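First comes the structure, then the notes that go with it.
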Amino acid sequence: MLKSRMKTLFLAASVTLLAASLISFPQQSFDASIRGLNMWWEIVFPSLLPFFIVSEMLIGFGVVRFIGVLLEPLMRPLFKVPGVGGFVWAMGMASGFPAGAKLTARMRQEGQLSKIEAERLVSFTNSSNPLFIFGAVSVGFFYNVQLGVILALAHYLGNISVGLVMRFYGRNEENATKEKGRNLTIRDAFAALHRTRIKDNRPIGKLLGDAVMSSIQTLLMIGGFIILFSVINKLLFHLHITAFLAEFLEMLLVMLGMTESLSLPFISGLFEITLGSQMTSQIQEATLMHQAVITSFILAFSGFSVQAQVASILAQTDIRFKPFFFARILHGIFAAFYAFILWKPVYERYFEDGQPSNALPVMEYLTSEGSRLADAHNMLTTAGPLITIASLLVYVWLLGNRLLKEK
């Protein structure tokens, strides 16, 4: 009872402080809102919308079930999740936060995942997409496309490591019955695809409309969280709370051989990854390796802004948030560690003084691929607002038609 009252008091005090801060710093709050809005309608909305719509269509037509049957022999032994987890994992890496959570929740609602399997899956299928790592962070903030190779390797190796650790999660809660192993064939996969399509007997037009409506509703929620946490992050800075928290971190950074100047960007990155990564890139006293380590942690932890988006999505199911939060801390540690150990054998050897004559072809490919991703990010920033406006108009038209039909 006391714990519940304390929680109520804390929440009420936090919201009151936020309201008072908005009144005290109106211009700063407005600027932060505009920054969050620009990020959403230029980058987040146009980059995530196609993935969300296509994912919903693939689920409805049974393609995900087909992929799940084929990937079962891989995903089950490695991560102790069904084969559909492979689809969620791939889409999560390609489209970025919080696609992994949305698709996991969808799979849980479809009954293709148990509660424990869903909690395992969501822990390692949420990640930054390559477009953001190379385009926004490496080129936009550090002006160094080669750095994206280290950040991407550390990020995705960290994801795999989290998945391997979380396979042991929930063994005591999991049903003790074991499935009989058998060799699954392409015929089994096609049979599963057909059964799923027949079960979901919506016409193509209805399925597409539902996919657009669901995707845009999710993205509107994501936009609200991005704007809210952009404002919160700015207010915490002006209230000197960020600096206060950074003081406790300075000692740890010094013990690790890093400059204490990285503490403020690190704390900011815990709330919002874009601002934290940008501030880290501007610390002149830090070495590039230390900046890469801190940025890797920030990208993997994903910030309270993204975590709030995931919590809102998971709240629609019985999937618990605590395992996801624990996995984000674990991912941050893994990613920072991989960035540190890969720095000398990868970055210093192949990129620091220009491309040596004995450079591996894969490194040349990754660097050129990073350049293309950076160009794609810049193009998306230009065309993004038009895509967002057009999509919102389609959403309003679909919503209007549905409301008229219901009447």
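Residues to consider are 65, 35; find the one that is modelled with pLDDT of 85 or more and of a type in the set (Lys, Arg). 35 is the lone residue from the list that is modelled with pLDDT of 85 or more and of a type in the set (Lys, Arg).
With respect to (1) surrounded by 22 or more Cβ atoms within 10 Å (Cβ to Cβ); (2) at pLDDT 90 or above, the lone exception for residue 320 is condition (1).
Here is the figure for the stretch 186-211: residues that are crowded, with 19+ Cβ neighbours inside 10 Å and among the aliphatic types (A, V, I, L, M) total 4. Could you please let me know if residue 138 is of a type in the set (S, T, N, Q) and over 16 Å from the mean Cα position of the chain (by Cα)? Here the answer is yes, as residue 138 does meet what is asked.
Per-residue answers, yes or no, for (1) open to solvent by less than 70 Å² (accessible area, probe 1.4 Å); (2) in contact with a helix residue (DSSP H, G or I) (Cβ under 6 Å, 6 or more places away or on another chain); (3) among the charged types (D, E, K, R); (4) closer than 30 Å to residue 389 by Cβ:
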position: 30; (1), (2), (3), (4): no, no, no, yes
position: 60; (1), (2), (3), (4): yes, yes, no, yes
position: 70; (1), (2), (3), (4): no, yes, no, no
position: 75; (1), (2), (3), (4): yes, yes, no, no
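Mind checking whether some residue in the stretch 335-354 is at pLDDT below 70 and small (Gly, Ala, Ser)? Within the stretch 335-354, one or more residues are at pLDDT below 70 and small (Gly, Ala, Ser). Could you please find all residues in the stretch 339-353 being open to solvent by 50 Å² or more (accessible area, probe 1.4 Å) and within 25 Å of residue 125 (Cα to Cα)? 340, 341, listed by residue number. Which members of the stretch 68-79 meet the condition of being in contact (Cβ under 8 Å) with a residue 60 or more places away in the chain and under 18 Å from residue 186 (Cα atoms)? Matches in the stretch 68-79: 68, 69, 70, 72, 73.
Set side by side, the residues 148, 135, 163 differ, and just one is under 13 Å from residue 299 (Cα atoms), assigned to a helix (DSSP H, G or I), open to solvent by less than 10 Å² (accessible area, probe 1.4 Å) and in contact (Cβ under 8 Å) with a residue 60 or more places away in the chain, which is 148. Reported count of residues in the stretch 117-131, each being open to solvent by 10 Å² or more (accessible area, probe 1.4 Å) and either assigned to a loop (DSSP other than H, G, I, E, B) or farther than 16 Å from residue 157 by Cα (or both), is 3. Looking across the stretch 83-111, the residues that are in contact with a Gly (Cβ under 7 Å, 6 or more places away or on another chain) and either open to solvent by 10 Å² or more (accessible area, probe 1.4 Å) or farther than 27 Å from residue 217 by Cβ (or both) come down to 83, 87.
Annotation note: Cβ proximity below 8 Å between a residue of the stretch 5-17 that is at negative phi and a residue that is assigned to a helix (DSSP H, G or I) and surrounded by 10 or more Cβ atoms within 10 Å (Cβ to Cβ) (sequence gap 6+ or interchain) occurs for no pair.
The values are calculated or read from the model by the stated rules, or taken from the named source; none is laboratory data. Quick caveat, the model's predicted, so the values are computed rather than measured. Neighbour counts run over all protein chains shown; Cβ positions are idealised from the backbone, glycine included. Keep in mind that these areas ignore ligands, DNA and RNA; they rest on the heavy atoms of the full protein, side chains included. Shrake-Rupley method; radii C 1.70, N 1.55, O 1.52, S 1.80 Å.
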